[in-house]
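Chemist: So that we are looking at the same thing, I have put the structure below in structure tokens.
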Amino acid sequence: MIRLERRPTPSRAWGAASPLLAVALTMMAGGLMFAALGKDPVEALRTIFWDPVMGEFAWYFRAQLLVKAAPLVLIAAGLAIGFRAGIWNIGAEGQYIVGAIAGAAAGLAFHPSESVLIFPLMVVCGALGGFLWAMIPAVLKVTLGTNEILVSLMLVYVADNLLASAAVGWLRNPEAVGFPGSRNLAQWEASANPELIAGTGMHWGVVAAVIAVIFAHVLMTRHLMGFHIRLAGQAPRAARFAGVAPARLVLFCLGLSGLLAGLAGLFEVTGPAGQISIDFASGYGFTAIIVAFLGRLNPLGIVAAGLLMAVTYVGGDNAAANLGIPGAAISAFQGMLLFFLLAVDVLSNFRVRVGRGALA
Amino acid sequence: MTALLELEGLTKAYPGVVANDDVSFAIARGGVHALLGENGAGKSTLVKTIYGLVKPDRGRMRLDGYPFAPTEPREARAAGVAMVFQHFSLFDALSVAENVALGMETPPPIRDLARRIRAVSEEYGLPLDPARRVGDLSAGERQRVEIVRCLLQEPRLLIMDEPTSVLTPQEVGILFATLRQLSAQGTSILYISHKLEEIRALCDAATILRGGRVVGGCDPRETSAAELAERMVGAKLSAPKAGGGAPGDTLLRVEALSLPPLSQFGMPLREVSFELRAGEVLGIGGVAGNGQDELLAALSGERLATPGSVVFEGADVSRLGPVARRRAGLLTGPEERLGHAAAPDMTLTENAALTGAARKGMLRRGFLDWGRARDFADEVIARFDVRTPGAGVAARSLSGGNLQKFVIGREVLQEPRVLVVNQPTWGVDAAAAGAIRQALLDLAAGGAGVIVVSQDLDELLEISDRFAALNAGRLGTPVPTAELTMERVGLMLGGAHDMEATHA
């Protein structure tokens, strides 16, 4: 008989080891899945994990890694703060889209000016767009007690439609004779978010992600607000006793994660994506949820998790192109990572006992 | 009398601690046997062994002369062992009969069961209506549900774990009469309690445990309470002493405080009014669920009251939250240690910052100084003799008594002007309880006002200057403790429920 026994104190060793174990289990299960699809599992795993970092074309892939990791880390850093408090913003994808639209719209209003103030203005508006979109579930939760999970998630689909209408309608490039999509922001100097150091993939979004991670780390470990956030997540009653106002926490956590998601959207639309288009939404907002948990809701862990997830993105594309592995299999592979992480997580709070013992 | 249950050399070790070490004694047929000991002495492990919840590492038991080694409670029950736990396992939303049925393996139809419940409750003088919803019952009545549930199995050994901690004196009287009747009919009772006077009144044999070992047995009827206590603790105990200063200015005035209940089964506060003066300990007694949690929440600032109802040092604080009240000097210590007074998975350092951040200078422009938090935690640990490997361990790894010393110490060392505590010594052993009470008295002697909300009447009479009873959300007029007798206190608490049905 196998039983689980609660540990008196959560195990630090397992807390650190469980992401690694989860990655190992994902590789095994993923390998089986690829084998079942008729692909060589070793080859597939090598294509996904090895080639982007160390392979022949790594010089190209490595730049892609930062480009993919930056929005994931930026969004996940914000989400993790809310998750620590037990406030579940599932709609970062929507805030990402609205941030991109708001920032792009603010910039395009001044086209074709070449003012240096345009890009900063777009950054502010992108952040504001994400913030306000996240305020909808926040205010509804605080005033009416609605569930932020449902409201924020449903607002993703509203944002999707907003994106479509912007791409084919009010933000459409007037010079593109019928093609959907806005003007190319990456090619307009005033709004471009270019590579800061050529060949590295490093753009302003990477800088923002680094700042966000440092900010989140300081907030959670040194600031009273971070302490209250952790308290509210672990022991809500003790948090109220300590003087935490739950409503303020909801507004702060949703607002901050929305703001960061909006920023991620803005940097994406002005850089790698280049324009508001119908297929601008690429699922970063959802994948960031996996990144947040894979990184133990810890800002520094999120950096590692974001890079790892970027590897599976880049390597997954690589595998899809070279080995013909379907995209859905890559998505399932990424999902397995979260699945195994949550399963292995049990070990940090519980001890596995094999055999028959007495109940304590 | 012959022995019903014999224990021989029972030993049970957990990692790092030997809970029971070579424990041997015998319980006589029809005897009322007391099991005495401080928290952590091994009483719980021992009764869990008898009830089949814990498997001993060594040793054996004999019931009626036959080997008895239950591997689960069902076997113990089948052999005639029943147990009433300290914490009731009842569903508020179900009726008494439905609750009893849930605990049975093959429950009879509810109507038959209700008839049997009524018969047993009448036979043993435990008035109980099988159709009532448990959520509406008092703690004493809930306990009766548990006892009746046990009696329906016609047990030969009834184990009672701290049964009187939630009862009014009158309810204690009813319970004791029932237990004596059971004993006279040949049922053995194993009775666990901290309250030595009760044991002397009820029990005819006692086994004293200390550090997992039997340190002796005695006839409690012929041993003084002081001697019992000393053998339990292994050292002389001194009763807390009050400072005896004259009460000073009014620190806290509560006027016509009314609040809706916290939950469906909570109790509203109805027009609660009182004054607390400097240097005074005000004791508020009452059976659990009469508005204690609501009163604490209204004083701590977790719930806001109508303007003007809570006035602290001349300023209206009724609309201020916990942080502002703490800054002003009004501190509170809730009843529930884990999850309310302390966050279970956080370290003691973090828990020290939980209420101490503002008053102990841990905040600088919103940033927490963890060094100071750690110093404060260390100070609490040292001054209140909290047994822990250090301030870095999680709160939930501390024993109940040690954590209680920590959370009370955390408030006391912040030098409050007024400290309100709920059940400050609940589930705490005699030595720790004495230390906590002494700290509260010292605080009052230093000019602070202290409110102690408790269900332990002995405690309230020992340390409070004035006493008031909370009953159904109403607070009676505080009366100087010196003028009180136990009987009077019982009547103030609203009396036992269904007094007329006792063993007159």
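The values are calculated or read from the model by the stated rules, or taken from the named source; none is laboratory data. These numbers come from a predicted model, not from an experiment. A quick note on method: Cβ atoms are made from the backbone with ideal geometry, for glycine too, and the neighbour counts reach across all protein chains shown.
Chemist: Looking at B:257, B:252, B:269, which is the one that is among the aliphatic types (A, V, I, L, M), at pLDDT 85 or above, farther than 16 Å from residue B:38 by Cβ and touching a Phe, Trp or Tyr at 6+ places or on another chain (Cβ under 7 Å)?
Modeler: It is B:252.
Chemist: Pick out the one residue from A:103, A:31, A:94 that is within 16 Å of the chain's Cα centre (by Cα) and more than 14 Å from chain B (Cβ to nearest Cβ).
Modeler: From the options A:103, A:31, A:94, the qualifying one is A:94.
Chemist: Another question, if that's okay. Residue under question is residue B:359, and the condition is that it be in a helix (DSSP H, G or I) and either touching a residue at least 24 places away in the same chain (Cβ under 8 Å) or within 24 Å of residue B:476 (Cβ to Cβ) (or both); does it hold? First the steps, then the outcome.
Modeler: Numbers: in a helix (DSSP H, G or I): no; either touching a residue at least 24 places away in the same chain (Cβ under 8 Å) or within 24 Å of residue B:476 (Cβ to Cβ) (or both): yes.
Answer is no for this residue.
Chemist: To continue, here is another question. Mind listing whichever residues of segment B:421-430 are among the hydrophobic types (A, V, I, L, M, F, W, C) and out of contact with any Asp or Glu (no Cβ under 7 Å at 6 or more places or on another chain)?
Modeler: B:421, B:428
Chemist: Looking only at segment B:400-419, count how many residues are within 14 Å of another protein chain (Cβ to nearest Cβ) and touching an Asp or Glu at 6+ places or on another chain (Cβ under 9 Å).
Modeler: Selection size over segment B:400-419: 1.
Chemist: Only one of B:141, B:98, B:123 is assigned by TED's automatic domain parsing to the domain that holds residue B:183, charged (D, E, K, R), at pLDDT 90 or above and more than 30 Å from residue B:11 (Cα to Cα); which?
Modeler: Exactly one residue qualifies, and that residue is B:98.
Chemist: Right, another one. For segment B:119-140, give me each residue that is in a helix (DSSP H, G or I) and in contact with an Asp or Glu (Cβ under 8 Å, 6 or more places away or on another chain).
Modeler: Listed by number, the residues that qualify are B:134, B:135, B:140.
Chemist: Taking segment A:196-230, which residues are more than 21 Å from the chain's Cα centre (by Cα) and charged (D, E, K, R)?
Modeler: A:222
Chemist: Further, regarding this structure: Give just the number: which of (1) buried (at least 19 other Cβ atoms within 10 Å of the Cβ); (2) hydrophobic (A, V, I, L, M, F, W, C); (3) in a loop (DSSP other than H, G, I, E, B) does residue A:309 not satisfy?
Modeler: Here residue A:309 clears every test but (3).
Chemist: Checking residue A:60 against (1) within 25 Å of residue A:335 (Cα to Cα); (2) of a type in the set (Ser, Thr, Tyr); (3) surrounded by fewer than 24 Cβ atoms within 10 Å (Cβ to Cβ), which test does it fail?
Modeler: Of the numbered conditions (1) within 25 Å of residue A:335 (Cα to Cα); (2) of a type in the set (Ser, Thr, Tyr); (3) surrounded by fewer than 24 Cβ atoms within 10 Å (Cβ to Cβ), the odd one out for residue A:60 is (1).
Chemist: Can you pull out every residue in segment A:101-147 that is under 19 Å from residue A:183 (Cβ atoms) and outside any helix (DSSP H, G or I)?
Modeler: Listed by number, the residues that qualify are A:109, A:110, A:111, A:112, A:113, A:114, A:115, A:116, A:117.
Chemist: While we're here: Checking the conditions here, which among B:380, B:393 is out of contact with any Asp or Glu (no Cβ under 9 Å at 6 or more places or on another chain), crowded, with 24+ Cβ neighbours inside 10 Å and more than 26 Å from residue B:486 (Cβ to Cβ)?
Modeler: The match here is B:380.
Chemist: Can you go through A:293, A:252, A:286, A:280 and tell me which one is away from chain B (no Cβ under 14 Å), under 23 Å from residue B:346 (Cα atoms) and touching a residue at least 24 places away in the same chain (Cβ under 8 Å)?
Modeler: Going through A:293, A:252, A:286, A:280 in turn, the sole match is A:293.
Chemist: Can you confirm whether segment A:305-313 contains a residue that is over 12 Å from residue A:71 (Cα atoms) and among the hydroxyl-bearing types (Ser, Thr, Tyr)?
Modeler: Kept after step one, since they are over 12 Å from residue A:71 (Cα atoms), are these residues of segment A:305-313: A:305, A:308, A:311-313.
Within this subset, residues satisfying the condition of being among the hydroxyl-bearing types (Ser, Thr, Tyr) are A:312-313.
Scanning segment A:305-313 turns up at least one residue that is over 12 Å from residue A:71 (Cα atoms) and among the hydroxyl-bearing types (Ser, Thr, Tyr).
Chemist: Still on this structure: Within segment B:409-452, how many residues are among the small types (Gly, Ala, Ser), in contact with a Pro (Cβ under 7 Å, 6 or more places away or on another chain) and either closer than 21 Å to residue B:195 by Cα or part of a helix (DSSP H, G or I) (or both)?
Modeler: Adding up the residues that qualify gives 1.
Chemist: Under 7 Å between Cβ atoms, at least 6 apart or on separate chains: pull out the pairs that start in segment B:364-387 with a residue that is within 14 Å of chain A (Cβ to nearest Cβ) and end on any residue that is in a helix (DSSP H, G or I) and charged (D, E, K, R).
Modeler: Pairs that qualify, where the first residue is within 14 Å of chain A (Cβ to nearest Cβ) and the partner is in a helix (DSSP H, G or I) and charged (D, E, K, R), are B:367/A:222; B:368/A:222.
Chemist: Does residue B:106 count as among the polar types (S, T, N, Q) and part of a helix (DSSP H, G or I)?
Modeler: Judged against the criteria, residue B:106 is not a match.
Chemist: Among the numbered criteria (1) under 23 Å from residue B:86 (Cβ atoms); (2) more than 14 Å from chain A (Cβ to nearest Cβ); (3) not small (Gly, Ala, Ser), which single criterion is violated by residue B:296?
Modeler: (2)
The rows are residues; the columns are (1) surrounded by 15 or more Cβ atoms within 10 Å (Cβ to Cβ); (2) polar (S, T, N, Q); (3) within 13 Å of chain A (Cβ to nearest Cβ); (4) more than 21 Å from residue B:164 (Cα to Cα).
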| residue | (1), (2), (3), (4) |
| --- | --- |
| B:14 | no, no, yes, yes |
| B:51 | yes, no, yes, no |
| B:56 | yes, no, yes, yes |
| B:64 | no, no, no, yes |
| B:68 | yes, no, no, yes |
| B:72 | no, no, yes, yes |
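Chemist: Here's a follow-up. Going by the conditions given, is residue A:136 touching a Phe, Trp or Tyr at 6+ places or on another chain (Cβ under 6 Å) and under 20 Å from residue A:257 (Cα atoms)?
Modeler: For residue A:136, the condition - touching a Phe, Trp or Tyr at 6+ places or on another chain (Cβ under 6 Å) and under 20 Å from residue A:257 (Cα atoms) - is not met.
Chemist: Could you list, in sequence order, the residues of segment B:314-356 that are within 9 Å of chain A (Cβ to nearest Cβ), without any contact (Cβ under 8 Å) to a residue 12 or more places away in the chain and not charged (D, E, K, R)?
Modeler: Matches in segment B:314-356: B:339, B:340.
Chemist: Here's another thing I want to ask about it. State whether the residues of segment B:347-355 include one that is at pLDDT 95 or above and charged (D, E, K, R).
Modeler: yes
Chemist: Let me ask something additional. Provide a single number: the residues in segment B:185-204 that are surrounded by 22 or more Cβ atoms within 10 Å (Cβ to Cβ) and over 19 Å from residue B:86 (Cα atoms).
Modeler: Looking only at that region, the number is 1.
Chemist: Also, I was wondering about something else. Check residue A:282 against each of (1) assigned to a helix (DSSP H, G or I); (2) within 14 Å of the chain's Cα centre (by Cα); (3) surrounded by fewer than 20 Cβ atoms within 10 Å (Cβ to Cβ) and name the one condition it does not meet.
Modeler: (1)
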